[in-house]
Amino acid sequence: MDIYRFNEKMYKSIFICTIVLLSNYISFAQESNYNYDEEKDIYKVISNVTIETEQGNQKLSTIYETSPTILVLIYTRCYGICNPLISNLSEQIQQLDIKKDFRVLVVSFDAADRLSDMERYAQQFDLQNDARWIFVTTKQIKPLIESVNFNPKWDSTIQQFDHNALLVGLNTNGYITKKIIGIRGSNELQAMLKEINNEFIVSYPLPRKNMLFSCFTYNPTTGKSELSIGLLVMLAPALITFIIVLSLIKLGKKQRKTLVK
Amino acid sequence: MTTLSLKKTTSAWIITILVLFIIAISFGITMRFNQGRDINLNPDTFYSIMTVHGVTMIGIWSCAGMMAVNYLLSRYVKTSVKLNVFAYAFTVVGVLMIWASTLIGKFHAGWTFLYPLPFRVAWAKWGTPLFLWGLTLLAVVWLVWAIGMVAQILRNYSLSESLAFQHLSRTKTPAKETPPFILISFVSLIGIIICLVTAAILMALLFAEYYSNGGFVNDPLLVKNLTYFFGHTIANEALYLGLATLYEIMPEVSGRPKFKTTWYVALGWQLSLFFILTAFFHHLYMDFVQPISFQIIGQMASYLASIPSAVVTVLSVIFLVFGNKIKWNIVNGLFFLGVTGWIIGGIGALIDATISNNIVLHNTLWVPAHFHTYNAMGNVLFSLAFFFWVGNEFVDSKDYSKFNKLLLALLIIGGFGFVIMFYIGGANSIPRRYSVYPKELNLGDILATLGGAFASVYLLAILWIFIDLMKKCIKVFSSAR
């Protein structure tokens, strides 16, 4: 085989291998499984419903206009996620020793709950005298939960609501600035406190189904970002140039040979 | 060998570039006076002008470098005039598209058109696609032009000869010499091809989002990486093309022997190809999701990129100038001044590329300070030196003795005065890209007015140069030889 044909075969092999490697990487690199609900209703104003407090009926805005607020939706009969949610939140707040101004407004989304049930619930966590915590009920449950996209489903078999553990961050204008679904680490809580206090926090858009080339993919299992296909796109210009230059070298050699002949 | 048609095309390039330069400087002066509250522009007008100013400046001086290299390449290899004419014609079309989108359509996302700004339409709806198609046209046309020039080099020199590998041995004398001009042009053109391919990919991604109606969205970090890989690299490679002309012309007009490709010149320029492609990471220090290693690469590459090209070139110029009798004229005077501006701007860039400093200087006037220094007082002067040299070629004159010191004085006072105002602003944390400054930053107003005044002095010098060169360029069109 002469050197010219050998080179031609080599270039073809490099090209085919590159295409195969690229297509395999595209197929496997973008797998992700995210809960997109946290992004819904962000920067919308919460429904300004009337709530029942120890001091009587008042508008929700009287709470969030005084201080940035974390809204927690629970019901007292819950033997699922509500107790761990409140317990974890109060522990995190104590441990973080937060100096920021904020309140935690715990609202029952169960029409069966009375204000007295909420008072007992607060005592269960030793929060009844903590000025930061307010336990209330409301007769306007539907507009409230709809405005934060919270959708509990009543399961008549177990006589319980099937629902998410949801924290909603409200700034002093009533805007939903951050939502946290599930019991999460203290760094998430700190980010929420920054958001509701209108402080800048670094952010990066979550990968979406129609975002094919992201630079990094967050792995929820390890909690780490991993390199993704987008960074491979960054190598494409060098690779394409390499192929162009190889072709030009070949062409140049051919022309020089012709000139010599 | 230079032909009449090559001279005519080059002359058309020079006239067009200088006309666009004068208008773009006027836009810059308008912006500085607006920041100084001497005039009052609507914010959308200010940002439209800012967009067209930036994209025009980067575009014309990249073209100037490629056009100069195209002209000088004809000394060593057969060049294609048709390709040069093709590049010129479509560059004019691309520029008109971009100017229409910004000045009529009021597109004002900045010359970096950072995603997702082009899609947050605050201008005529057609502004975004016209701007992006204009850029795409320029990227594709210049890509074809650059590939054409690399092909022409590779027709006469093998890859290893083009990269001057045979010069790396300190003992053997190479069988075939690679002139520094060929080496630097080749390395820079390869860099330009890479960054124009990047631009094509970037445009494809932006169009995919624009025309998919939400079916496809881009990752902002990827788009930012691609944008700065393209933008940072083309700005630097354009400057390297200017250096290629310096290596070729400066000794000739100074009455000195030609520069030779030594082992350190060869090694320096080979390494610069790699470092210049990785230095752009210094634009991404604020992107917290990017691994810290990328930020470290950005800082290291920024430092290392300066060693091969800057140190080698500065040493070469110093050896040429000092201790030798030099006939100073406008051509070598502009080259020498350009090297000075390039080095000052480069030091400003290195200060900003140092992570601990960037935390303070990021997005302050320090950024336009350094890039205006190495462009207005570096790359532009390299190209102007070439224009003067080639202008004399057009009129068949080797006499450079007509050397007006006032012209250089206007350039120095106007140019350096203008950039010093930016540096003082940056050192005082005055932010960039503000159409007007808040009252708390009224130092910015004063500096902007002074900057505008100095830039007007610089503009006077450019007008003077334009009138001088116009006469020579027009003569080419009436020439029969």
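Residue by residue, here is whether (1) touching a residue at least 24 places away in the same chain (Cβ under 8 Å); (2) open to solvent by less than 40 Å² (accessible area, probe 1.4 Å) holds:
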{"residue": "B:Leu154", "(1), (2)": "no, yes"}
{"residue": "B:Ser158", "(1), (2)": "no, yes"}
{"residue": "B:Gln166", "(1), (2)": "no, no"}
{"residue": "B:Glu177", "(1), (2)": "yes, no"}
{"residue": "B:Phe186", "(1), (2)": "yes, yes"}
{"residue": "B:Ile201", "(1), (2)": "yes, yes"}
{"residue": "B:Gly215", "(1), (2)": "no, no"}
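The number of residues in the stretch A:162-174 being assigned to a strand (DSSP E or B) and buried (at least 20 other Cβ atoms within 10 Å of the Cβ) comes to 5. Here B:Asp219 clears all of (1) surrounded by 24 or more Cβ atoms within 10 Å (Cβ to Cβ); (2) more than 9 Å from chain A (Cβ to nearest Cβ) except the condition numbered (2). For the stretch B:75-95, the condition of being at positive phi and open to solvent by 30 Å² or more (accessible area, probe 1.4 Å) holds for none of the residues.
Filtered by the rule that a residue be closer than 18 Å to A:Ala191 by Cβ and either in a strand (DSSP E or B) or of a type in the set (Ser, Thr, Tyr) (or both), the stretch A:68-96 gives A:Thr69, A:Ile70, A:Leu71, A:Val72. A residue that is within 14 Å of another protein chain (Cβ to nearest Cβ) and surrounded by 14 or more Cβ atoms within 10 Å (Cβ to Cβ) can be found somewhere in the stretch A:177-192. Just one of the numbered conditions (1) open to solvent by 60 Å² or more (accessible area, probe 1.4 Å); (2) free of Cβ contacts under 8 Å to residues at least 40 places away in the same chain is not true of A:Phe216: (1). Looking across the stretch B:114-141, the residues that are under 19 Å from the mean Cα position of the chain (by Cα) and among the β-branched types (Val, Ile, Thr) come down to B:Thr136, B:Val140, B:Val141.
Does at least one position in the stretch B:296-315 carry a residue that is within 14 Å of chain A (Cβ to nearest Cβ), in a helix (DSSP H, G or I) and out of contact with any Lys or Arg (no Cβ under 7 Å at 6 or more places or on another chain)? Yes, some residue in the stretch B:296-315 is within 14 Å of chain A (Cβ to nearest Cβ), in a helix (DSSP H, G or I) and out of contact with any Lys or Arg (no Cβ under 7 Å at 6 or more places or on another chain).
Scanning the stretch A:129-139 for residues being open to solvent by 70 Å² or more (accessible area, probe 1.4 Å) and either assigned to a strand (DSSP E or B) or not basic (Lys, Arg) (or both) gives a total of 2. Yes or no: the stretch B:257-275 includes at least one residue that is in contact (Cβ under 8 Å) with a residue 60 or more places away in the chain, within 9 Å of chain A (Cβ to nearest Cβ), β-branched (Val, Ile, Thr) and under 29 Å from A:Leu248 (Cα atoms). Within the stretch B:257-275 (the criterion being in contact (Cβ under 8 Å) with a residue 60 or more places away in the chain, within 9 Å of chain A (Cβ to nearest Cβ), β-branched (Val, Ile, Thr) and under 29 Å from A:Leu248 (Cα atoms)), the answer is no, since none of the residues qualifies. Among the residues making up the stretch A:229-261, those that are among the charged types (D, E, K, R) and either closer than 21 Å to B:Phe275 by Cα or at the interface with chain B (Cβ under 9 Å from one of its Cβ atoms) (or both) are A:Lys253, A:Arg256. From the list B:Thr262, B:Thr245, the one residue that fits, being open to solvent by 30 Å² or more (accessible area, probe 1.4 Å) and of a type in the set (Ser, Thr, Tyr), is B:Thr262. Criterion applied to B:Gly452, B:Gly391 was being part of a helix (DSSP H, G or I) and farther than 30 Å from B:Asn42 by Cβ, and the one residue passing it is B:Gly391. Just one of the listed residues (B:Val121, B:Val140) is within 26 Å of B:Ile194 (Cβ to Cβ) and either of a type in the set (A, V, I, L, M) or open to solvent by 10 Å² or more (accessible area, probe 1.4 Å) (or both), namely B:Val140.
The values are calculated or read from the model by the stated rules, or taken from the named source; none is laboratory data. Here the structure is a predicted model, which is why all the values come from computation and not from measurement. Don't worry about glycine lacking a Cβ; one is built from the backbone with ideal geometry, like all the others, and counts go over all protein chains shown. In case anyone asks, the SASA skips ligands and DNA or RNA and just uses the protein heavy atoms, side chains included. Shrake-Rupley method; radii C 1.70, N 1.55, O 1.52, S 1.80 Å.
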